[in-house]
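Just so it is clear, none of the values below were taken in a lab; they were calculated from the coordinates. A quick note: this is a predicted structure, and the numbers were derived from the prediction, not measured. All Cβ positions, glycine included, derive from the backbone under ideal geometry; neighbour counts span all protein chains shown.
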Amino acid sequence: MSFARSLLRVKPAEQLADEGSHTQLHRTLGLVPLVALSVGATLGTGIFVVLAEAAPAAGPAVVVSFVLAGLAALCSALSYAELAGSVPVSGSAYSYTYATLGELVAWICGWCLLLEYGVSVAAVAVGWGGYLNEFLQGTIGMRIPDALAAPPGEGGVVNVPAALVVLLAMSVLLMNVRESGRVTTVTTLLKIAVLVFFVAVAITAFNSDNMTPFAPAGFAGISAGASAVFFSFIGFDAASTAGEEARNPRRDLPRAIMLSLAIVTAIYVLVAFAAVGAVGTQVLGDSDASLATALQVVTGQGWPSVVLALGAVIAIASVVLTVLYGQTRILVSMSRDGLMPPMLAKVNRRAVPARNTLLVGVVVAVLAAVVPLNQLAEATSIGTLVAFGLVNIGVLILRRTRPELERSFRTPLMPLVPLLGLALCVYLITGLDWITWITFGIWSALGLIVYFAYGIRRSKLNGAGVGVGSGSGGGVAGEDGNENDSGAGN
């Protein structure tokens, strides 16, 4: 195989599905925990954290910004749903791209997903610290000193709470997937209850004057707000990373993706509308814990904001948990394909990729401790938008090249929906800051170095590893099996 052809080699969907069907992971997740996984990974990141940054830019029209970002996410979600039902494995967009656009593009997509998941975990962890301080201030009258609660550049030395919540989530993931799924479901329900509580209180103080002027910066402000809040929709695809731990992935993965996006979008719009109408965008932009501050202003009392802050402390921790889970499963797929070290695909007696989870948890904890929130949020958005764009391209290619492939869900209005999703991703990318592009360029260059120095030679599709079964997946599967067999009787 020539060098150029090796970069474009495609891993057949049947081979991916075959490897997924022989996974060492345990299939224990039904539709409800899969929806909770996606909602848990999504709900909270934007409303609890990014609303404070987007509201001053868009004005009251930040509500429209959420709708626009939701539309971009919907088009991509429909493409995700079709590919998740066709290629039900743990690699999410990475695996879908491998089956459609070839190995080099799949690597770039997987590398972007590592940026998306890892950096978004760190960003949410940083926001978590703001609500922890709000809760401590309202209950015991003290706060964590800025030196230990903020990263360098934001008045601190190291963000200890952010690092701790990541390490806590890592500890939960080291349990088996059934137990961590239960934790996710409970914390997601709590998160929804807290936001419903906020809407019920804030709407009582709704003032139409706070909604004017509706779009002070015009469509440019709405667009800038949409680019910022798109970060808050990251996570609806989290269910697709559980393709090898879902009991009925072809049926439940598409349903979980669509249901979670519908739930999240409805809650975001309601909360943004209630928050802006109650206190205006200026108040929201003056605090990292903007919703708790809004309740304090609305009620003139401390206890509602304490309740919200406590709910946010617990609920945002669930985002850290679910997104960290997604990153570990993507690494499993990349490792099984030979593009990452084999140790990252090994599972222990609990069917958990423990070494992978420990490595990811420690790296993300360090990132959360030292990098400012705004840089994390935008770096996450560009990685996500690139991955989403590739998924939209992939569903078009697979429809054309493999029309006979079994599909449990079909994207409607083909090819309009994927093309619109791709166009919106490109449009939102153009609204990101130039420093974000520089960061992304450096990350992509580093990824290409890793691929050409390691992945291209060790790919399971290289040379004798092309066949389904024995050569392609056998090496890693065998190593997994040796470690996992010791606990088979437990």
Using the count of nearby Cβ atoms within 10 Å as a rough guide to exposure, how do Met170, Met334 rank from fewest to most? Met170, Met334
Among rounded, prolate and oblate, which fits region 191-341 when a ≥ b ≥ c are the square roots of the eigenvalues of its C-alpha gyration tensor, a/c under 1.5 means rounded, and a/b larger than b/c means prolate? prolate
When the Kirkwood radius is taken over all Cα pairs of region 51-93, what Stokes-Einstein diffusion coefficient follows at 37 °C and 0.692 mPa s, in µm²/s? 268 µm²/s
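Decide, for region 198-247, between rounded, prolate and oblate: order the square roots of the alpha carbon gyration tensor eigenvalues as a ≥ b ≥ c, take rounded if a/c falls under 1.5, and otherwise choose prolate if a/b is larger than b/c, else oblate.
oblate
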Total formal charge among the other residues, if their Cβ is under 12 angstrom from that of Leu331, Lys/Arg +1 and Asp/Glu -1: +3
For region 307-367, take N as its residue count and report Rg(C-alpha) divided by 2.2 N^0.38 Å. 1.34
Region 350-451: GluC sites (Glu not before Pro) in DSSP loop, at most 13 other beta carbons within 10 Å: Glu404, Glu406
Rounded tilt (10° steps) of 303-336 against the dominant C-alpha axis of the chain: 20 degrees
Proximal lysines relative to Lys346, as straight alpha-carbon distance under 20 Å, when same-chain residues fewer than 8 apart are discounted: Lys460
Taking the 0 to 90 degree range and rounding to the nearest ten, how far is the long axis of helix 160-173 tilted relative to the main principal axis of the chain, both from C-alpha atoms? 40 degrees
Average projected area of the Cα convex hull of region 107-222, in nm²? 12.1 nm²
When Leu253, Leu405, Leu413 are ordered from fewest to most other Cβ atoms inside 10 Å of their Cβ, what list results? Leu413, Leu405, Leu253
Give the order of Phe135, Phe236, Phe273 when sorted by the count of other beta carbons within 10 angstrom, beginning with the fewest. Phe273, Phe135, Phe236
Can you give the calculated 222 nm mean residue ellipticity of the chain, where each DSSP H run of n ≥ 4 adds -39,500 (n - 2.57) and the sum is split over every residue, rounded to the nearest 500 deg cm²/dmol? -22500 deg cm²/dmol
Over its Cα atoms, what ratio of radius of gyration to 2.2 N^0.38 Å does region 65-158 give? 1.58
Using 0.36 nm per residue of separation minus the Cα-Cα distance, give me the extension gain between Val366 and Phe3 in nm, one decimal. 126.9 nm
Computed Rg/Rh for region 418-464 (Cα atoms; Rh = Kirkwood radius) stands at 1.20
